[in-house]
Amino acid sequence: MPRILMERSGEMEVFARVVQDGGFSAAARNLDITPSAVSKLIARLETRLGTRLLVRTTRALTLTQEGEAYHHAALRILQELNEADQEAAGGAVRGRLRINTTIPFGTMFVAPAMPGFVARNPDLIVDLSFTDGIVDLVAENTDVAIRMGNLPDSGLIARKLGQSRRVVCASPDYLKRRGSPQFPADLGGHDCLTFNFRRARPSWPFRDHDRDIAQPVKGSIVVNNGETMKQMALAGAGITRVGLFHVADEIEAGRLMPLLEDYNPGDLELVHAVYVGGGPLPHRVRAFIEHMVVTLADQPLLNGMT
């Protein structure tokens, strides 16, 4: 029977922390050990494995191909160890819960829901990250992400949280200067605010009776998050198309005006919580998702009908 190496999980944790923090010194500070101890542990790990995992220069730290593979495996194993600890502790919701969500949804719904969630789970540390970019949950060591729109094929498990119809809108100032489009084709003569995501559509969908329309749009400004998009629209920079939940208050207050509603195709922006599968769902992740399901159940802006 091969010798059991009791230090493996510790080496994995140090290695994962070095990758996450981007360096030995930063990892040492967060682990409360010396940089030399981190260096020795990584060297011992590479010697035991017989391969180099990390390449260090004066400016950067990068993973080798073997390091990439080991990092993914280490994160999976460490997660399983944490889950085993939780099970042994009677299913307590504890530890660090890393959440990633879009800026608009996080600001409007997740952040306000956190005080109550933390109050019910005092042994939990909530680590929030707001970005409209798509993060790799494994590489970023993220427990759960909230994503908008249709989900691409992946190995992630998804739980639907809600849905919002989309709306085309612009500020009264912009419409006073440029006029209001009466037909989808009129958008060709307007500045349209669009996203610079690779997955972003180069055209906006409309429906004229039984005919679907894909109207090309263009403009002088592209952005990478929904909050900036809304601020640009409010500033009169152009016409945008976003989830109604994000601009409902501005429309009600008259700061933004809905446009081309007779041609609205009724498509929905879906909201999902996604997480990595392949094992029991950690109690901290389950508790968060269930909390958001209950919190969002009475939000009319997320039933897709408002």
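The values are calculated or read from the model by the stated rules, or taken from the named source; none is laboratory data. Predicted model, so just to flag it, every value in this text is computed and none were measured. Glycine also receives a Cβ, built like all others from the backbone with ideal geometry; neighbour counts cover every protein chain displayed. With ligands, DNA and RNA removed, areas are computed over all heavy atoms of the protein, side chains included. Shrake-Rupley method; radii C 1.70, N 1.55, O 1.52, S 1.80 Å.
Could you bin all the Cα-Cα distances of region 3-89 into 10 Å bins starting at 0 and give me the percent of pairs in each, rounded to whole numbers?
Reading upward from the zero bin: 16, 50, 28, 5, 0.
For the pair Ser36 and Arg207, how long in nm is the line joining their label points, each one 7 Å along Cα→Cβ?
Once both label points are built, they end up 7.0 nm from each other.
Report which label in (i) 31; (ii) 23; (iii) 37 holds the value of percent of Cα pairs over 34 Å apart derived from the coordinates of this structure.
Recomputing percent of Cα pairs over 34 Å apart here gives the entry labelled (iii).
Evaluate the distance, in nm, between pseudo-label points positioned 7 Å from the Cα of Asp173 and of Glu80 along their respective Cα→Cβ axes.
5.7 nm
Please enumerate, by chain and number, the lysines with C-alpha under 18 Å from the C-alpha of Lys218, excluding those fewer than 8 residues away in the same chain.
Lys230
Quote to one decimal, in nm, the extra length available between Val138 and Val118 on full extension: 0.36 nm per residue of separation minus the C-alpha distance between them.
Net length gain for the segment: 4.8 nm.
Rank these by accessible area, largest first, 1.4 Å probe: Thr58, Thr240.
Thr58, Thr240
Measure off, as a whole percent, the carbon and sulfur share of the 1.4 Å-probe accessible area of the chain, all protein chains present.
Ligands and nucleic acids excluded, carbon and sulfur reach 51 percent.
What does the charge count around Val167 come to, taking other residues whose C-beta lies under 13 Å from its C-beta (Lys +1, Arg +1, Asp -1, Glu -1)?
That sum, taken over residues with Cβ under 13 Å, equals -3.
What is the calculated FRET efficiency for Glu66 to Arg286, with r their C-beta to C-beta distance and R₀ = 41 Å, to the nearest 0.05?
Working from the Cβ atoms, E equals 0.75.
Sort 142-151, 220-229 for me by packing, meaning the mean count of neighbouring Cβ atoms within 10 Å per residue, highest on top.
142-151, 220-229
Where the centre of each part is set by its Cα atoms, how far does region 257-306 sit from region 155-217, in angstrom?
When both Cα centres are located, 20 Å separates them.
Once a ≥ b ≥ c are taken as the square roots of the eigenvalues of the Cα gyration tensor of region 164-268, is the result rounded (a/c under 1.5), prolate (a/b larger than b/c) or oblate (a/b not larger than b/c)?
Cα axes put region 164-268 in the rounded bin.
Express the accessible area of the chain per residue in Å², computed with a 1.4 Å probe while the remaining protein chains stay in the model.
Per residue, the chain has 54 Å² of solvent-accessible surface.
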